[in-house]
1. Identify, please: which residue in the range 280-316 is without any contact (Cβ under 8 Å) to a residue 40 or more places away in the chain and under 20 Å from residue 247 (Cα atoms) and is, among those, surrounded by the most Cβ atoms within 10 Å (Cβ to Cβ)?
2. List the strands (runs of 3 or more DSSP E) inside the range 235-317, counting only whole elements, that have at least 2 residues being closer than 30 Å to residue 39 by Cα and touching a helix residue (DSSP H, G or I) at 6+ places or on another chain (Cβ under 6 Å).
3. What pairs come out if I take residues in the range 170-189 that are acidic (Asp, Glu) and pair them with residues that are not in a helix (DSSP H, G or I) whose C-beta lies under 7 Å away, six or more apart or interchain?
4. Can you give me the number of residues within the range 85-116 that are among the hydroxyl-bearing types (Ser, Thr, Tyr) and farther than 27 Å from residue 167 by Cβ?
5. Taking the range 158-182 as the search range and keeping residues that are assigned to a loop (DSSP other than H, G, I, E, B) and of a type in the set (S, T, N, Q), which one is farthest from residue 50 (Cα to Cα)?
6. List the residue pairs whose Cβ atoms are under 6 Å apart, where the first residue sits in the range 214-238 and is without any contact (Cβ under 8 Å) to a residue 60 or more places away in the chain, the second is part of a helix (DSSP H, G or I), and the two are 6 or more positions apart or on different chains.
7. Could you count how many residues in the range 183-206 are assigned to a loop (DSSP other than H, G, I, E, B) and surrounded by 14 or more Cβ atoms within 10 Å (Cβ to Cβ)?
8. Mind counting the residues in the range 18-77 that are charged (D, E, K, R), touching a residue at least 40 places away in the same chain (Cβ under 8 Å), assigned to a helix (DSSP H, G or I) and more than 29 Å from residue 301 (Cβ to Cβ)?
Amino acid sequence: MKIIVAIGGNALVTPGGTGDIADQFAHARLMAVPMAEMIQRGHQITVIHGNGPQVGSIMRRVELSSTSVYPIDLALAVADTQAGMGYMICQTLRNELKRQGIERECATIVTSVVVDRDDPGFAKPTKPIGPFLTQEQARRHQENDKWHIVEDAGRGYRRVVASPRPKRIVEIDAITRLIDANCVLVACGGGGIPVVETADGMLNGVEAVIDKDLTAQLMGEVVEADVLAIITGVACVYLDYGKPTQREIHETTVAEMEAHTKQGQFPPGSMLPKVQAAIGFLNQRRDAGARAIITNWNHLPAALEGRAGTIIRREPY
């Protein structure tokens, strides 16, 4: 199967840990095991990663060193995370494949994604970046650094930046050729470098971070993926999450997930964009065999066989 795998930037850091490079490499090595298992089974994998913690750290370093070295903008910071995180993911996966005796090319492509300069996301920042903050830390940054701050799904406070919707993947032809050549690809990292297009077709970077789940949805539609697999911190999607009535969702349909969404079942800062991306992919894909899966790394290989995770289809299976 042709599979688009979307992973969050938080998947590469230990909750409450340092989140440094050694920590990220350690998590990348763990992720490489189920990815290699899927490749061994004959699946074609393309990875799209988030970069919330990483791009937040880069921008904080820019702010702290602003009197000593030249600053960079948010678009270039996203490009930096694409290269650095792609290097980590490809290196650890290549090593795991070699360990298992599997021959496969792994590559990272630095990718730009066109957004609308008039997107309402520029006026209302919603994309969390950087580490979780205490209320006092958040207050200080809000006052001293003029950060936009939100409370993030009961997990703490986060800095937020503009997050316009992706419209077009600039390097999609090169990406499609690499996928067709059966290359294991890391692309559109951090949701893609956000660029706007001028009337004469020129591209310019903008201050934003695109939601990686929405870009994964777009990628899945364009390359006609069989599966959009969205990796999160839980084994499956829950109804009434955190309540005594909490229950798991396993096999479900687009219509059922749309109904749950209207009931406010999924928090905007965590599960909602994942569910929306899954629904959007299936509504556009329209292939009866297409699926969206929401689960964690440990359960992904089993979820591909219908034995774990939340599996969403257009129609009942």
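1. Of everything passing the filter in the range 280-316, 302 is surrounded by the most Cβ atoms within 10 Å (Cβ to Cβ).
2. Strands (runs of 3 or more DSSP E) meeting the threshold: 291-295.
3. 171/109; 171/111; 171/112
4. Of the residues in the range 85-116, 2 are among the hydroxyl-bearing types (Ser, Thr, Tyr) and farther than 27 Å from residue 167 by Cβ.
5. 182
6. The qualifying pairs are 222/172.
7. Residues of the range 183-206 assigned to a loop (DSSP other than H, G, I, E, B): 183, 188, 192, 198-202, 206.
Those still in the list that are surrounded by 14 or more Cβ atoms within 10 Å (Cβ to Cβ) too: 183, 188, 192, 206.
Counting residues in the range 183-206 that are assigned to a loop (DSSP other than H, G, I, E, B) and surrounded by 14 or more Cβ atoms within 10 Å (Cβ to Cβ) gives 4.
8. Going through the range 18-77, the residues charged (D, E, K, R) turn out to be 20, 23, 29, 37, 41, 60-61, 63, 73.
Narrowing the set further to residues that are touching a residue at least 40 places away in the same chain (Cβ under 8 Å) leaves 29, 37, 41, 60, 63, 73.
In the following step, the residues that additionally are assigned to a helix (DSSP H, G or I) were identified as 29, 37, 60, 63.
Then keep just the ones that are more than 29 Å from residue 301 (Cβ to Cβ); that gives 60, 63.
The qualifying residues number 2.
Laboratory data are not the source of any read-out in this text; all were calculated from the coordinates shown. Predicted, not measured: the structure shown is a model, and the values here were computed from it. We place every Cβ from the backbone using ideal geometry, glycine too, and count neighbours over all the protein chains shown.
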